[in-house]
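The values are calculated or read from the model by the stated rules, or taken from the named source; none is laboratory data. Values in this document were obtained by computation on a predicted structure and should not be read as measured data. Here the Cβ positions follow ideal geometry from the backbone for every residue, glycine too, while neighbour counts run over all protein chains shown. To get the accessible areas, we keep the full protein, side chains included, count just its heavy atoms, and leave off ligands, DNA and RNA. Shrake-Rupley method; radii C 1.70, N 1.55, O 1.52, S 1.80 Å.
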Amino acid sequence: MDQLIQAAMDAARQGNKKQATEYLRQVLMANPNDLEATLLLGSLVDEPDRKRQIYNRVLSLDPVNKVAREELLKLDRMAMGSFLAQMEPPPPVAQPKPVSPPPAPVQQKEITQPKKATASAPIQQTAKPIESSLREQVTFETPKPSILRIQKPIVFKYPIVWRIVMYLFVIVFGCGGLLVASESFSAGLPLLALGVLFGLTTLSLPPGIEVSDKGIRVMKMLGGSEMRWGDMAQIKPNGAKRNLVLVSSKGETLKVSTQLKGYPAIVEILRQKRPDLLGIKDNQVASNDLGGPSFTSTQMPKETKVFRKNFFAQYSVFFLLIPLCLVGAWATITMEEKFAGIAIGLIGAVFIAFALFSTNQITVKPNKLVFESFMGEKTYTAKQIKEISMKTVRGRYGRATNYVNVQPTEGIAVAVAGFSEGDEVIYGYLVNWWETYRYK
């Protein structure tokens, strides 16, 4: 994301606001609470109402942000100046003298009342919307849900490093197999088979996916498959967490790889487009032009929701690492070189400590979120949480690991992963809970 923000800043310096805005839109799609991207977007917007909305959003994330307060003060001065200009009475217009004026009492009654009405009417009509606008500027209200509209299709691709590694495997095994086969065909056959296997795997992988206002389309070398938002009936992750599987009402499946660059943005779009797939109830459902439902309002269930890891996910690490620690202790005692035993024991101890502090159960109540681990529990209200986002960590060879990150206003973040419901479902549920109660 830092690269996209830097690209947006470079585009803005070159005067290309449209491109800079597009970069920032991608950043905020993946992380709606990115403070730096939101501030930069506010500096690029020209419309006062839109600029005010963005800086109010900044203050909701950082109530003491100096830049946002100064910009809102400038907007207030501009609005007040326009208001005073509209409040100035119009210049008097000379009225023709009547030919036969009526008597004085009647003339005073008929002339004074119309002047009074015509002078106050435009002032009242102008002051009322301005007063309402000023009142809205100083009041933080709960954001109203809106239907996400994707004006231009967004393409998500695999990281270039990951694709290069796949092609390198094909070249290494293919060339190595040919070299060995030139000496002995039977000896080079396994390497050739591996080269062909990696080649077919690389060709079978889709170049990426395209997300539009209609739905999700998986791009392939020959054609592709697509599923509309309204046709999605179920969402489920697979066991290896390599794909997010979307199931249609007809039983058809569409696999979205978790290794795609910008995968958290796909999950966020899915959350906004189809919150019902993430366990969120809808208040109002209306038909749209995409052949499916439009969820114009959502609400959190009032009952308690519990996410719990299964037995294997909770205790398997102890069954594996406790024997490792015992081996390390035995090696330390019996071997002359103590370093190997100490290293083995420390590795096992570190992973066991990590498992002890990792979250095993999440309890979601009205305006209360509880994270439970072997070492205790942490309880937060919605206002005590600064951000809920989905993070991606890539290993040395480009493999992505996605997890839910809950950042409180005070203290360290809570990482959530490994639940059978899937990280995507938990992310969507927690974000909707947070947006429901953080302004109450």
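Need at least 1 residues that are in contact (Cβ under 8 Å) with a residue 60 or more places away in the chain and surrounded by 15 or more Cβ atoms within 10 Å (Cβ to Cβ) per element, so show me which helices (runs of 4 or more DSSP H) inside the stretch 1-62 make the cut, counting only ones lying wholly within it.
Qualifying helices (runs of 4 or more DSSP H): 17-30, 48-61.
Where in the stretch 382-440 are there strands (runs of 3 or more DSSP E), lying fully within it, with 3 or more residues that are open to solvent by 40 Å² or more (accessible area, probe 1.4 Å)?
Those strands (runs of 3 or more DSSP E) span 385-394, 400-408.
Yes/no matrix, rows are residues, columns are (1) aliphatic (A, V, I, L, M); (2) modelled with pLDDT under 90; (3) closer than 15 Å to Tyr437 by Cα:
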position	(1), (2), (3)
Phe354	no, yes, no
Val370	yes, no, yes
Ile388	yes, no, yes
Gln407	no, no, no
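Would you check if there is a residue in the stretch 145-155 being modelled with pLDDT under 80, open to solvent by 80 Å² or more (accessible area, probe 1.4 Å) and part of a helix (DSSP H, G or I)?
No, the conditions are met nowhere in the stretch 145-155.
Taking the stretch 172-187, which residues are surrounded by 17 or more Cβ atoms within 10 Å (Cβ to Cβ) and touching a residue at least 12 places away in the same chain (Cβ under 8 Å)? Can you show your working first?
Start the filter on the stretch 172-187 by keeping residues that are surrounded by 17 or more Cβ atoms within 10 Å (Cβ to Cβ), which leaves 173-174, 177, 180.
The answer is Phe173, Gly174, Gly177.
Among the numbered criteria (1) assigned to a helix (DSSP H, G or I); (2) closer than 29 Å to Leu430 by Cβ; (3) open to solvent by 30 Å² or more (accessible area, probe 1.4 Å), which one does Thr379 miss?
(1) is the only condition that Thr379 fails.
Tell me whether the stretch 162-171 contains one or more residues that are within 30 Å of Gln26 (Cβ to Cβ), at pLDDT 75 or above, assigned to a helix (DSSP H, G or I) and aromatic (Phe, Trp, Tyr).
yes
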